[in-house]
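Before any comments, here is the structure.
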Amino acid sequence: MKSFVAVLLAGLLAGSVHAATANPDAAQVKAAHDLMAAMQAEKMMRMTAGMSRYASPAQRKEVMDKVINLQPELVYNRLALPVARLLSTETSTEMTSFYQSSYGKKVLQQTYNSAASLGPSVPTPTAAEKAALKKPAYLKAEKEFKANEQAINHETFVLLKQIINGK
């Protein structure tokens, strides 16, 4: 188990992980919670667990059973504070709106439920969706979100590690 954690943690830390800067206020934490709910963060946890390496198939099954049985609200609550430290309230709110839109739902469907492919395949937006994707507020939020996406994935891994260890 410790070798699994060490290997995965080393891989995640090799990327750009942003340090938590300030203590977010309640509105920022609520916005991050709503973003995690809109992103279906429980599925992100399953992906993280599924992509991880394990010492044995039995260990993999044990971890996956724990992750599958998690209540989605627990994942949202536990990720809200770390994500709120990474993203502004405006970014969380704008990205929540994006993931609740019809195009955002298609992107999530593609992300979590697509078959293996050689390259990223993004659904094609309609004309109205293209216009919404060109809004300055969305462009700014997407830029901040993309800059912190690896750190969000790291926080997901940290939560996974806590769940595996029974915390």
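State the percentage of accessible surface on the range 21-147 attributable to carbon and sulfur atoms; use a 1.4 Å probe and exclude ligands, DNA and RNA.
Roughly 58 percent, rounded to a whole number.
Would you mind getting the accessible area per residue of the range 50-167, heavy atoms of the protein chains only, 1.4 Å probe, in Å²? Don't jump to the answer; show the numbers that get you there.
On the way: 6920 Å² over 118 residues.
The answer is 59 Å² per residue.
Pull out the extension gain between Asn113 and Thr89, defined as 0.36 nm times the separation in residues minus the alpha carbon to alpha carbon distance; nm, one decimal.
Full extension from Asn113 to Thr89 adds 5.8 nm.
Take peptides 80-93, 121-134 and line them up by average Cβ neighbours within 10 Å, highest first, as a rough protection proxy.
In decreasing order of mean packing, 80-93, 121-134 become 80-93, 121-134.
Give the residue list of chymotrypsin sites (Phe, Trp or Tyr not before Pro) in the range 54-100 that are DSSP loop and have at most 11 other beta-carbon atoms within 10 angstrom.
Taking the range 54-100 and a limit of 11 other Cβ atoms within 10 Å, no loop chymotrypsin sites (Phe, Trp or Tyr not before Pro) are found.
The values are calculated or read from the model by the stated rules, or taken from the named source; none is laboratory data. Remember, it's a predicted structure, so these values are computed and weren't measured experimentally. Glycine gets a Cβ as well: all are built from the backbone with ideal geometry, and neighbour counts include every protein chain shown. Quick note on the areas: whole protein, heavy atoms, side chains included, nothing else; ligands and nucleic acids left out. Shrake-Rupley method; radii C 1.70, N 1.55, O 1.52, S 1.80 Å.
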